[in-house]
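Structure first, commentary second.
The values are calculated or read from the model by the stated rules, or taken from the named source; none is laboratory data. Note that the coordinates shown come from a computational prediction; the quantities given were computed from them, not determined experimentally. Note: ideal-geometry Cβ built from the backbone for every residue, glycine included; neighbour counts use all protein chains shown. SASA here: full protein model, heavy atoms, side chains in, ligands and nucleic acids out. Shrake-Rupley method; radii C 1.70, N 1.55, O 1.52, S 1.80 Å.
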Amino acid sequence: YANAKTSEEAERPVTEVIGKTMHELLPGTVADAYLAQARAVIATNVGAVRENTQGATWYRSSIQPVRDASGKATMALMSATDITELKHAQQELLELNRTLEARIRERTAEVQDLYNNAPAGYHSLDGNGIVIRVNQTERNWLGYANEEMVGHPIVAFFTPASSMTFQSIFP
């Protein structure tokens, strides 16, 4: 059996497609691959789906077992769908994603640079008041290295009075 689309792709009338081998209809290596998969589907009784190219055209091919009354695969049914437009859309999305990720990295670097080199001191705390980030300006003012502040409670850098005030309002 061959449908009109198969006839169109083969550039022959359906009557000239039916009864032909894969090697008579497809390029040698493509026919070899499909034939090997069809044989595997019949031998294992398990269908297969794959994507491949033929020139500039992408196809999603499905080869499914055709079973006899006892459930044994005796033939394989093959269908192929032109997914070229889908593949082009996927490539465009991948490129847009790469572009977006690059822009995010640039903006993140800019924000990080602004945070680190701002004329004001900045620090970021977790929910328990532990320093998770501190900018260079604040470290310069206080005279600490990054490792001396990050991971420590912010109150360790306060006066006792400031520590009490912080602990009462931070929660």
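Please work out which one of (1) open to solvent by less than 90 Å² (accessible area, probe 1.4 Å); (2) of a type outside the set (K, R); (3) in contact with a strand residue (DSSP E or B) (Cβ under 6 Å, 6 or more places away or on another chain); (4) free of Cβ contacts under 8 Å to residues at least 24 places away in the same chain is the condition A73 fails and give its number.
(4)
Being within 30 Å of V41 (Cβ to Cβ) and at pLDDT below 95 narrows it down to one of A109, A89, A80, A118, so name that one.
Values: A109 fails: within 30 Å of V41 (Cβ to Cβ); A89 fails: at pLDDT below 95; A118 fails: within 30 Å of V41 (Cβ to Cβ).
It is A80.
For region 10-20, enumerate the residues that are open to solvent by 90 Å² or more (accessible area, probe 1.4 Å) and either in contact (Cβ under 8 Å) with a residue 24 or more places away in the chain or not in a loop (DSSP other than H, G, I, E, B) (or both).
T15, E16
Out of the residues in region 150-163 that are among the aliphatic types (A, V, I, L, M) and out of contact with any helix residue (DSSP H, G or I) (no Cβ under 9 Å at 6 or more places or on another chain), which is surrounded by the most Cβ atoms within 10 Å (Cβ to Cβ)?
Per the criteria, the residue is V150.
Taking the condition of being surrounded by fewer than 10 Cβ atoms within 10 Å (Cβ to Cβ) and not in a helix (DSSP H, G or I), how many residues in region 81-119 meet it?
1
Starting from residues that are open to solvent by 60 Å² or more (accessible area, probe 1.4 Å) and in a loop (DSSP other than H, G, I, E, B), keep the ones in region 21-51 and report whichever is modelled with the lowest pLDDT.
Among those that are open to solvent by 60 Å² or more (accessible area, probe 1.4 Å) and in a loop (DSSP other than H, G, I, E, B), it is P27.
Scanning for something of a type outside the set (D, E), modelled with pLDDT of 90 or more and part of a loop (DSSP other than H, G, I, E, B), does region 154-170 turn up at least one residue?
So far as region 154-170 goes, yes, one or more of its residues are of a type outside the set (D, E), modelled with pLDDT of 90 or more and part of a loop (DSSP other than H, G, I, E, B).
Among the residues in region 100-116, are any under 30 Å from T57 (Cα atoms) and of a type outside the set (G, A, S)?
Checking region 100-116: at least one residue is under 30 Å from T57 (Cα atoms) and of a type outside the set (G, A, S).
Is it fair to say S61 is open to solvent by less than 60 Å² (accessible area, probe 1.4 Å) and either closer than 17 Å to A31 by Cα or without any contact (Cβ under 8 Å) to a residue 40 or more places away in the chain (or both)?
Considered against the rule, which asks whether it is open to solvent by less than 60 Å² (accessible area, probe 1.4 Å) and either closer than 17 Å to A31 by Cα or without any contact (Cβ under 8 Å) to a residue 40 or more places away in the chain (or both), S61 comes out as yes.
Can you work out which of the residues in region 120-149 that are in a loop (DSSP other than H, G, I, E, B) and farther than 18 Å from F170 by Cα is most open to solvent (accessible area, probe 1.4 Å)?
Y144
Quick check on this structure: which one of N117, N135 is under 30 Å from A156 (Cβ atoms) and in contact with a helix residue (DSSP H, G or I) (Cβ under 6 Å, 6 or more places away or on another chain)?
Values: N117 fails: in contact with a helix residue (DSSP H, G or I) (Cβ under 6 Å, 6 or more places away or on another chain).
One residue alone meets the criteria, N135.
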